[in-house]
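The numbers here are math on the coordinates, done by the rules we state, and not lab data. Predicted model only: the values in this text are computed from it and were never measured. Positions of Cβ are backbone-derived with ideal geometry, glycine not excepted, and every protein chain shown enters the neighbour counts.
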């Protein structure tokens with residue numbers, strides 16, 4: 001039995017580029033990776049929004065209404081439903097004059113029990129140290 | 001020798017990121033490493049066969065085929081490909097198509113993961 | 001961690017490199033990132049060369065842009081090939097970052 005920890009680091013805003021969304025959809029895919037693994041082996045996915053990437057977390061996104069696209073917000077909520085560890089850099093939120101009240105924190109309507117964690121960058125740095133591999137988006 | 005998993009999300013035409021990925025894959029294989037290549041998003045463009053080569057555009061079918069003949073394991077994101085009209089019947093022979101969990105499965109036992117995203 | 005970061009742009013759109021504090025940092029300049037190794041603006045070399053890191057620049061990407069090792073302005077930047085990148089990734093560093 002072994003665990004491989006992947007860290008998905010989102011550094012850029014979404015929509016103009018597909019990459020932030022792909023970070024989330026690939027991280028969500030950690031929930032179905034078992035078909036490629038031996039019994040007991042696990043791949044975990046932690047997600048961190050840093051730099052301009054924190055702008056992905058603004059709540060109230062109307063991507064479906066305007067572009068008929070699933071919003072990044074909904075992917076973050078799906079990540080919470082699947083109990084993924086989602087971190088948002090506190091200093092970067094503050095740089096944009098934002099607080100927890102401006103971003104997606106929870107997803108009770110999805111049935112999610114975990115919440116987004118707004119943490120100092122030092123916590124994200126610690127997470128990166130703990131991962132086996134990092135994927136920067 | 002180790003295993004290198006490369007993920008590339010950039011388009012074949014319009015970027016040289018896939019060129020970089022293929023050159024790196026070739027260099028790693030020359031040194032005896034096993035290499036998996038996952039292409040997702042616009043990167044799935046590399047999986048389409050019979051692309052006409054022009055010198056003004058990146059064309060990787062030839063080196064890709066050569067590396068696959070030597071053991072390069074290439075998989076394209078099926079949803080990303082289908083969303084772009086890249087269907088199974090025009091996929092380059094030898095390129096597999098799976099969902100995104102394949103990439104994570106490949107990362108599981110990789111010694112190194114090299115993810116080229118960021119466009 | 002021992003992290004090797006690939007810089008592929010001349011004008012960076014992210015500041016991630018400023019925040020990464022690995023135990024060991026390598027910076028490989030590739031694609032348009034090679035200009036950091038060869039270009040001065042208003043007489044000053046790129047600030048990207050100021051990190052406490054081991055620096056490398058990809059020979060193929062220098063040559064593609066009409067440059068060579070002779071254009072590299074700081075001797076701490078080592079000119080390397082793809083095979084050297086593989087060796088660095090496997091032997092010197094444990095994680096990679098394409099920025």
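Over the whole of A:26-34, what's the average partner chain Cβ count within 10 Å per residue? Rounded to a whole number, please.
Values: counts 13, 2, 3, 8, 5, 2, 6, 10, 2.
What the average comes to for A:26-34 is 6.
What 222 nm value per residue comes from the helices of chain C, counting each DSSP H run with n ≥ 4 as -39,500 (n - 2.57) and dividing by all residues, nearest 500 deg cm²/dmol? Spell out each step's value before the answer.
Working: 4 runs with 20 residues, N = 99.
Taken over chain C, the calculation gives -4000 deg cm²/dmol.
I'd like the mean, over residues of C:73-85, of how many other protein chain beta carbons sit within 10 Å of each residue's own Cβ. Intermediate values should be presented prior to the final figure.
Working: counts 0, 0, 0, 0, 0, 0, 0, 0, 2, 8, 7, 1, 6.
Other-chain Cβ atoms within 10 Å of each residue's Cβ, averaged: 2.
Considering only DSSP beta bridges with both partners in the protein assembly as shown, what is the antiparallel share in %, to the nearest 5? Don't skip to the end; give the middle numbers.
Details: 4 of 59 bridges.
If we restrict to bridges inside the protein assembly as shown, about 5 percent are antiparallel.
Is segment B:3-116 rounded, prolate or oblate when judged by the Cα gyration tensor, a ≥ b ≥ c being the square roots of its eigenvalues, rounded requiring a/c under 1.5 and prolate requiring a/b larger than b/c?
On the way: a/c = 1.60, a/b = 1.20, b/c = 1.34.
In terms of gyration-tensor shape, oblate.
Run the helix sum for chain A: -39,500 (n - 2.57) per DSSP H stretch of 4+ residues, divided by residue count, reported at 222 nm to the nearest 500 deg cm²/dmol.
Details: 5 runs with 41 residues, N = 137.
That calculation yields -8000 deg cm²/dmol at 222 nm.
Using a Gaussian network model on chain A with a 10 Å cutoff between Cα atoms, which of A:105, A:47, A:58 fluctuates the most?
Per the Cα network of chain A with a 10 Å cutoff, A:58 tops the list.
What spacing in nm lies between the two simple spin-label points modelled at residue C:92 and residue A:123, each 7 Å away from Cα in the Cβ direction?
Using points 7 Å along Cα→Cβ, the separation is 3.5 nm.
Relative contact order of chain C, please, whole-number percent, based on alpha carbon pairs below 8 angstrom and at least 6 residues apart.
Numbers: 163 pairs, mean separation 36.8, N = 99.
So the answer I get is 37 percent.
For labels at residue B:49 and residue A:58 in the simple 7 Å Cα→Cβ model, what's the distance in nm?
Output for this residue pair reads 4.6 nm.
Determine the distance separating the Cα centre of segment C:58-96 from the Cα centre of segment B:1-57; give it in Å without decimals.
19 Å
Is there a simple number for the mean count of other chain Cβ atoms within 10 Å of the Cβ of residues in A:122-134, and what is it?
Values: counts 2, 0, 1, 5, 0, 0, 8, 6, 1, 3, 7, 13, 9.
That average works out to 4.
Using alpha carbon coordinates only, what is the Rg to Rh ratio of the protein assembly as shown, with Rh defined as the Kirkwood radius?
Using only Cα positions, Rg/Rh for the protein assembly as shown is 0.96.
Pop the C-beta distance of residue A:110 and residue C:18 into the FRET formula with R0 = 45 Å and round what comes out to the nearest 0.05.
Working: r = 35 Å, r/R0 = 0.77.
It comes out at approximately 0.80.
At a threshold of 8 angstrom on Cα-Cα distance, excluding pairs fewer than six apart, so keeping six or more, what relative contact order does chain A reach in percent?
Values: 260 pairs, mean separation 43.5, N = 137.
Rounded, it is 32 percent for chain A.
Measuring from label point to label point, each 7 Å out along Cα→Cβ, what is the residue B:66 to residue A:94 span in nm?
Reported label-point gap for residue B:66 and residue A:94 is 5.4 nm.
Just need the relative contact order of chain B here, percent rounded to a whole number, with Cα pairs under 8 Å and 6+ apart.
Numbers: 205 pairs, mean separation 44.0, N = 119.
The value is 37 percent.
Under the rule of -39500 (n - 2.57) per DSSP H run of 4 or more residues, summed and divided by the residues of chain B, what mean residue ellipticity at 222 nm is obtained, to the nearest 500 deg cm²/dmol?
-9000 deg cm²/dmol
Among DSSP bridges having both ends in chain B, what percentage is antiparallel? Round to the nearest 5. Walk me through the numbers on the way to the answer.
Numbers: 1 of 19 bridges.
Antiparallel: roughly 5 percent of the beta bridges in chain B.
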